[in-house]
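The values are calculated or read from the model by the stated rules, or taken from the named source; none is laboratory data. Since the structure is predicted, the reported quantities are computational estimates derived from the model, not experimental observations. Here the Cβ positions follow ideal geometry from the backbone for every residue, glycine too, while neighbour counts run over all protein chains shown. The accessibility values were calculated without ligands, DNA or RNA, using every heavy atom of the protein model including side chains. Shrake-Rupley method; radii C 1.70, N 1.55, O 1.52, S 1.80 Å.
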Amino acid sequence: MGEGGGAGRTVQRAREEIDGTSGHARLARLESELDQCWDLLRRRRARVEAGQDVTGARVRPASEVEGYLS
């Protein structure tokens with residue numbers, strides 16, 4: 001799974017422990033935000049490797065990030 005492997009296991013454990021609809025909805029939001037963070041980190045690293053300014057990388061909408069496979 002790469003860099004997010006540990007986070008994925010933590011999310012899986014949290015999912016098993018959460019009860020109720022509101023808890024699952026909150027977990028889904030957190031998973032989406034975590035995906036956005038990993039996406040931003042990957043893109044910032046790519047900009048560094050390309051010699052570009054990292055401030056040009058912005059958080060992309062969850063709908064865009066969620067469409068990618070890890």
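Leu41 satisfies every condition listed in (1) open to solvent by less than 90 Å² (accessible area, probe 1.4 Å); (2) within 11 Å of the chain's Cα centre (by Cα); (3) modelled with pLDDT under 95 except (3).
Only one entry of Glu33, Glu16, Glu3 meets the criterion of being among the charged types (D, E, K, R), in contact with a helix residue (DSSP H, G or I) (Cβ under 8 Å, 6 or more places away or on another chain), modelled with pLDDT under 75 and open to solvent by 80 Å² or more (accessible area, probe 1.4 Å), and that entry is Glu3.
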